[in-house]
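A short write-up of the structure that comes next.
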Amino acid sequence: MSSSKSVLIPYVLFAFVLGFAWFMLAPMVPTIMTELHASLSSTLLFISFYGYAMVIGAIQAGIWTAHKGPRPVLALAIILSVVGLFLRVFAHTYVFFFISQAIAALAYPFLIAPIGSVLRMSNVRSLKMSTGFTIGMLFLGMGFSAIIASHFTMTAGLWVGFILNFIVGIWLLLALRSIPRPDVATFFRIRMTYSNWWIIGLVVSSTSVMIGGVTTSALGHLHITDAASLGGLLSGLTFLGSAVGAGVFGAVAEGRTNAKPLIRTLAILTLFSVLVVTLLMTGHLGHSKAMFDIMFFLAGVFGNGWYTLTLEEAARRAIDDGSAGLNTAGYSVASNLGVAIIPVLLGPLVISQPSLWITIILILFVIAVILSFVTRVQIRVTDKM
């Protein structure tokens with residue numbers, strides 16, 4: 001097995017188990033509230049920690065990767081995730097759970113934010129496909145855990161999350177030995193390069209989280225039967241769609257020197273699917289359960305395919321391999337700032353002013369689509385295998 005594949009496989013799988021341990025908390029929220037004697041908002045904060053961690057740690061992860069290479073950065077991600085998840089199993093007070101989850105969440109930026117440098121400096125050459133598989137496996141883990149975690153007791157579920165992270169983490173730690181240490185002199189010019197792709201990341205990620213967060217409330221407002229269970233299923237389908245979109249379109253784009261036509265196509269398809277989803281959620285469009293399932297799944301497929309390709313395009317703006325991770329870190333910060341702000345500001349409008357809610361989302365996506373058409377892509381034949 002080549003050194004690049006020996007690192008890529010456990011790296012991708014660790015993204016899966018990190019996402020699995022992260023979103024298994026969603027179906028456990030009522031149990032956690034009872035166990036820790038906490039309010040709903042205080043409990044939901046545990047799920048949001050990963051987004052806040054990305055905002056806090058992404059740039060530092062990108063700079064560190066540029067200077068020292070992926071080995072110490074990924075090693076820290078493994079340690080933080082494993083230690084935090086182990087402590088989480090034994091957390092029976094709110095403060096203890098808070099600290100444990102915060103430690104585990106800090107692994108997220110160190111694993112994902114510098115992905116542009118991690119892949120390049122690990123001698124991975126199928127960059128679009130590898131980026132797609134990594135992001136796709138993260139979402140697959142989130143979607144898989146959101147669907148099956150309800151079948152575990154709280155303690156059993158937390159143990160499963162820890163054990164999976166521990167096993168794959170050891171594998172990744174051993175694989176990191178095959179990555180050569182960088183020549184420090186090579187990376188003295190590192191710098192972050194802003195691109196319009198960051199705006200697309202912000203729009204896609206923030207609106208996806210917002211829609212997932214208000215789906216159950218919106219369905220309940222429409223007096224749809226079993227709104228809570230349907231809302232959970234639709235969120236899971238969106239995550240699974242996101243995994244499919246990232247993996248499939250990352251692989252499709254790998255065979256293309258110019259990804260611009262595919263990015264444009266995904267932009268339009270995402271705009272259409274998100275528009276239909278918003279019309280369904282607000283009762284402006286006749287619906288059936290099958291229609292909900294299909295459109296939420298497709299919104300995930302197209303949206304995360306678009307997100308993945310623009311993330312890699314942000315990396316390709318870099319002046320060197322070290323700066324590529326700093327660029328993807330900046331992209332991640334922009335995305336998660338959107339997640340932290342937009343759902344809070346716009347989410348309640350789905351019930352109070354649904355037409356305004358749809359209009360604002362439509363404006364955001366139209367802007368993102370326009371940017372997909374006017375922003376240049378970096379065409380580098382050398383990026384292909």
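Things worth noting here:
- Anisotropy class of segment 118-178 from Cα gyration tensor, a/c 1.5 cut: oblate
- Cα→Cβ-extended label distance, 7 Å offset, between Leu45 and Val344, nm: 1.2
- Per residue of the chain, the DSSP helices (runs of n ≥ 4 H) give a summed -39500 (n - 2.57) that works out to -27000 deg cm²/dmol at 222 nm.
- Remark: the Thr225-Ile367 segment gains 47.6 nm on full extension, using 0.36 nm per residue and subtracting the alpha carbon distance.
- Pairs of lysines in the chain (C-alpha under 29 Å apart; 8 or more residues apart or interchain): 9
- Largest GNM mean-square fluctuation among Gln60, Gln101, Gln353, using the chain with Cα springs under 10 Å: Gln353.
- Charge dipole (debye, nearest 20) of the chain; +1 at Cβ of Lys and Arg, -1 at Cβ of Asp and Glu: 1100
- Chymotrypsin sites (Phe, Trp or Tyr not before Pro) within segment 61-96, DSSP loop, no more than 11 other Cβ atoms inside 10 Å: Phe90
- As a fraction of the 1.4 Å probe accessible area of the chain, surface on carbon and sulfur atoms comes out at 72 percent.
- Accessible-area value, Glu35, 1.4 Å probe, nucleic acids and ligands omitted, Å²: 80
- Take the Cβ atoms of Arg177 and Thr155, set R0 to 30 Å, and the FRET efficiency comes out at 0.30.
- Average 1/r across all pairs of distinct alpha carbons in segment 26-145, invert it, and you get the Kirkwood radius: 15.4 Å.
- Ranked packing of 153-163, 332-342, 131-141, 108-118, most packed first, by mean Cβ within 10 Å: 108-118, 131-141, 332-342, 153-163
- Take the chain with all the other protein chains still there, run a 1.4 Å probe, and you get 39 Å² of accessible area per residue.
- Euclidean distance between Cα centres, segment 1-61 to segment 202-231, Å: 21
- Computed E for Asn258/Ile99 - FRET, C-beta separation, R0 51 angstrom, nearest 0.05: 0.60
- Cβ-Cβ FRET estimate between Ile167 and Ser355, R0 fixed at 51 Å, reported to 0.05: 0.55
The values are calculated or read from the model by the stated rules, or taken from the named source; none is laboratory data. On a predicted model such as this, the values are computed, not experimentally measured, just so you know. Virtual Cβ from ideal backbone geometry, glycine too; neighbours counted across all protein chains shown. In case anyone asks, the SASA skips ligands and DNA or RNA and just uses the protein heavy atoms, side chains included. Shrake-Rupley method; radii C 1.70, N 1.55, O 1.52, S 1.80 Å.
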